[in-house]
1. Yes or no: segment 83-100 includes at least one residue that is in contact with a helix residue (DSSP H, G or I) (Cβ under 6 Å, 6 or more places away or on another chain), assigned to a helix (DSSP H, G or I), without any contact (Cβ under 8 Å) to a residue 24 or more places away in the chain and of a type outside the set (Ser, Thr, Tyr).
2. What number of residues within segment 86-121 are within 17 Å of Leu27 (Cα to Cα) and open to solvent by 80 Å² or more (accessible area, probe 1.4 Å)?
3. Look through segment 35-68, keep the residues that are over 13 Å from Leu2 (Cα atoms) and touching a strand residue (DSSP E or B) at 6+ places or on another chain (Cβ under 6 Å), and return whichever of them is modelled with the lowest pLDDT.
4. Looking only at residues that are small (Gly, Ala, Ser) and open to solvent by less than 30 Å² (accessible area, probe 1.4 Å) in segment 15-47, which one is farthest from Ile67 (Cα to Cα)?
5. With the condition being within 13 Å of the chain's Cα centre (by Cα) and under 19 Å from Phe98 (Cβ atoms), I'd like the strands (runs of 3 or more DSSP E) fully within segment 1-69 carrying at least 2 qualifying residues.
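The values are calculated or read from the model by the stated rules, or taken from the named source; none is laboratory data. Predicted model only: the values in this text are computed from it and were never measured. Cβ placement follows ideal geometry from the backbone for every residue including glycine, while neighbour counts extend to all protein chains displayed. Quick note on the areas: whole protein, heavy atoms, side chains included, nothing else; ligands and nucleic acids left out. Shrake-Rupley method; radii C 1.70, N 1.55, O 1.52, S 1.80 Å.
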Amino acid sequence: MLDIESFRRDADGSAEPYHLLRPTGELDAYTVAQFREALAEHAASGRLVVDLCGVPFIDSAGLGALIGGIRRIRENEGRVVVYCNGTTLLRLLHTTGFDRIVPVEETLEAAVSALDRDPDA
């Protein structure tokens, strides 16, 4: 089972507001449709942090849905960052090269800060 929460948050200081998408549970072939739909709802949100801290497992279907959602957000000129502090999942994101296509941060503060970084820098 996968639960997904979504929030609009005001960033601290002068940073712009952002949306936070927080799935909790395994992200696999059985739950990927729900996750894909949640990402599609945020395709035009502009600034999105995907919080994977509550996801103990992600398979190729889940990773594919995440990549597809990121692509749609970028097509709408939005920014997206992944926040993840789980060792196993971080290793997967680094091993697959996922962290080369989107910033992966280990704290929420770093993720929000990464939304403002120049991707070409």
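1. Yes: segment 83-100 contains one or more residues that are in contact with a helix residue (DSSP H, G or I) (Cβ under 6 Å, 6 or more places away or on another chain), assigned to a helix (DSSP H, G or I), without any contact (Cβ under 8 Å) to a residue 24 or more places away in the chain and of a type outside the set (Ser, Thr, Tyr).
2. Selection size over segment 86-121: 3.
3. Ser45
4. The qualifying residue farthest from Ile67 (Cα to Cα) is Gly25.
5. Once the strands (runs of 3 or more DSSP E) in segment 1-69 are filtered for at least 2 residues that are within 13 Å of the chain's Cα centre (by Cα) and under 19 Å from Phe98 (Cβ atoms), what remains is 18-24, 47-51.
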